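First the structure, then my questions, so here it is.
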Amino acid sequence: MNDLLPNDTILLPEDLKDVLQQVCDRISALEKQVLSLLAKESSPINLAKLLEKGTIPSSDLLNALQSLSRRCLIEQQANCYILPPVLKQYIKAMSMI
């Protein structure tokens, strides 16, 4: 069970960390780079801003976003992308960013 702490930190149980690690082990380096970019954002970010922040070619970024979306690892709100809070906390905790 995840508890929300006053500073919006989510506690991740070890079994959930194991599952998230398995998921991260299966994605490409490019997808990990995109997840890291998204984890740094506090609000949804659009494609243009993602392109400005990273060094990923637009076609590669689009492919990675589509792949991550198909795997339900990112959420799309209107024309913006965001990480689910649990995955964002995991990425920050694992120093992928």
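The values are calculated or read from the model by the stated rules, or taken from the named source; none is laboratory data. These numbers come from a predicted model, not from an experiment. All Cβ positions, even for glycine, are placed from backbone atoms using ideal geometry, and neighbour counts span all protein chains on display. Quick note on the areas: whole protein, heavy atoms, side chains included, nothing else; ligands and nucleic acids left out. Shrake-Rupley method; radii C 1.70, N 1.55, O 1.52, S 1.80 Å.
Using a cut-off of 16 Å between alpha-carbon atoms, which lysines can reach Lys53, once sequence neighbours fewer than 8 places away in the same chain are excluded?
Within the straight-line cut-off, Lys53 pairs with Lys32, Lys40.
For the chain, which whole percent of the accessible surface, found with a 1.4 angstrom probe, sits on carbon and sulfur atoms? Please list the in-between numbers first.
Values: 3070 of 5980 Å².
C and S atoms contribute 51 percent here.
Could you report the chain's accessible area per residue, 1.4 Å probe, as an integer in Å²? Numbers along the way, then the final one.
On the way: 5980 Å² over 97 residues.
On a per-residue basis, 62 Å².
Defining a contact as two alpha carbons under 8 Å apart and six or more residues distant in sequence, what relative contact order in percent does the chain show? Before the final figure, lay out each step's value.
On the way: 82 pairs, mean separation 31.5, N = 97.
Relative contact order for the chain comes out at 33 percent.
While we're on this one: Nearest 20 debye, what's the magnitude of the dipole of the chain about its Cα centre given +1 on Lys and Arg Cβ and -1 on Asp and Glu Cβ? Present the calculation step by step, with values, prior to reporting the outcome.
Details: 10 positive and 11 negative charges, 55 e Å.
Dipole about the Cα centre, nearest 20: 260 debye.
Further, regarding this structure: To the nearest 500 deg cm²/dmol, what mean residue ellipticity at 222 nm is calculated for the chain from DSSP H runs of n ≥ 4 alone, each contributing -39,500 (n - 2.57), summed and divided by the residues? Each step should come with its number before you reach the end.
On the way: 5 runs with 53 residues, N = 97.
Roughly -16500 deg cm²/dmol at 222 nm, from the helical runs in the chain.
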